[in-house]
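Participant: I have a structure here, written as structure tokens, and I will follow up with some questions on it.
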Amino acid sequence: MTVASAAHGLVVALSGGIGGAKLALGLSRILPAEELMIVANTGDDFRHLGLSISPDLDTLTYTLAGLNNPETGWGRRTETWTFMAALRELGGEGWFQLGDGDLAIHVERTRRLAAGEPLSQVTEDFCRRLGVRAKLVPMSDDPVRTRVRTQEGWLDFQDYFVRQRCQPVVLELTFEGRQSARPQTDLMAALRDPRLRAVIICPSNPFISIDPILAVPGLRQALGNSPAPVVAVAPIIGGRAVKGPTAKIMSELGLEVTAAAVARHYGKIIDGYVVDDSDVDQVALPGLHVHAAAILMQTLADREALAHEVMAFADRLRALGKAVRASA
């Protein structure tokens, strides 16, 4: 592990699951643990078999703890599936995979939430017990649920994403409960902290992983008013999604499948944008600073290298000052 020491200050990283977790891991390996806060999308959360499931939180937890399954990107490594086999024998719902070891985190989370503990407190304790040193928080302790309007009507996100394997055409996305949700307390404090060094938007799906975070009242405004630069990493390389249904969703929503289209979607909340070397000539938006890098993360070394590049770019923007960037 290499730790960057040239600059200091709090870094807040917004992330979904598999794709975002790669950069989150890289950041966790180059930054002091006390200077990194990772904010997880919880729009994917749902109830299944009576359990409270938090897919992106768990993927980030397992990844940061070194327990993730490197083949699937989700779940625990060396997992067994006795429970799922027995459930199917009984005619139970087997469309959402819950491994034998993975069950423990869902069962214990459900118990604690029912006892009145907030999700952020449960997550903090899980991270401590599993050896995760960086601070991992949900975007909100209040439920916000992503729903997808398709030609078949409205679907719960996991129904669309897992049960139907993203096959229905996406017409619209909404985030139920967002109006009454409150941002996680420590997150809001971090975004207002004058020591904030940077906000990093990891290369997660902008529509189903980052938009739910930005939909929580106050968060989009807080990013715009933050004393530090907001830097996004493109989830698109050469017109293709790095992971998941990003390209499919963009096309169905009438958007070009390009890194530039993602930048336009984020709009003025981002000050800087990291794109793949192959896309740098295609992204030229007023007031947006663009940095080219090798953003495909296939190895641990790739994750660390990109984390170093992103932070160096953010530090250069910070040196410019937010007022200069805003008027560029």
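Participant: Are there GluC sites (Glu not before Pro) in region 76-132 that DSSP marks as loop and that have at most 11 other Cβ atoms within 10 Å, and which are they?
Facilitator: Numbers: sites: E79, E89, E93, E108, E124; in loops: E79, E93.
The qualifying sites are E93.
Participant: Quick one: work out the % antiparallel among DSSP beta bridges in region 10-326, nearest 5. Before the final figure, lay out each step's value.
Facilitator: Numbers: 17 of 42 bridges.
If we restrict to bridges inside region 10-326, about 40 percent are antiparallel.
Participant: Another one. Please report the spacing between the Cα centers of region 249-282 and region 112-171 in Å, no decimals.
Facilitator: Centre-to-centre (Cα) distance: 25 Å.
Participant: Using a 10 Å cut-off around each Cβ, can you sort L60, L191, L288 from fewest to most neighbouring Cβ atoms? Kindly include the intermediate steps, with their values, before the conclusion.
Facilitator: Details: L60 32, L191 24, L288 20.
Lowest to highest Cβ neighbour count: L288, L191, L60.
Participant: Still on this structure, please answer the following. Would you mind ranking T185, T110 by Cβ crowding within 10 Å, fewest neighbours first?
Facilitator: Numbers: T185 13, T110 17.
Exposure proxy ranking, most exposed first: T185, T110.
Participant: Same structure, new question: Scanning the chain for trypsin sites (Lys or Arg not before Pro) in DSSP loops with at most 12 other Cβ atoms within 10 Å, what's the longest stretch left with none?
Facilitator: Working: sites that count: R165, R195.
In short, 1-164.
Participant: While we're on this one: So between L255 and A301, what do we pick up on full extension, going 0.36 nm a residue minus the alpha carbon distance?
Facilitator: 13.3 nm
Every read-out reported here was derived from the displayed coordinates using simple, explicitly stated rules and does not represent laboratory data. Just so you know, these numbers come straight off a predicted model, no measurement behind them. No Cβ is skipped: glycine too gets one built from the backbone with ideal geometry, and neighbour counts run over all protein chains shown.
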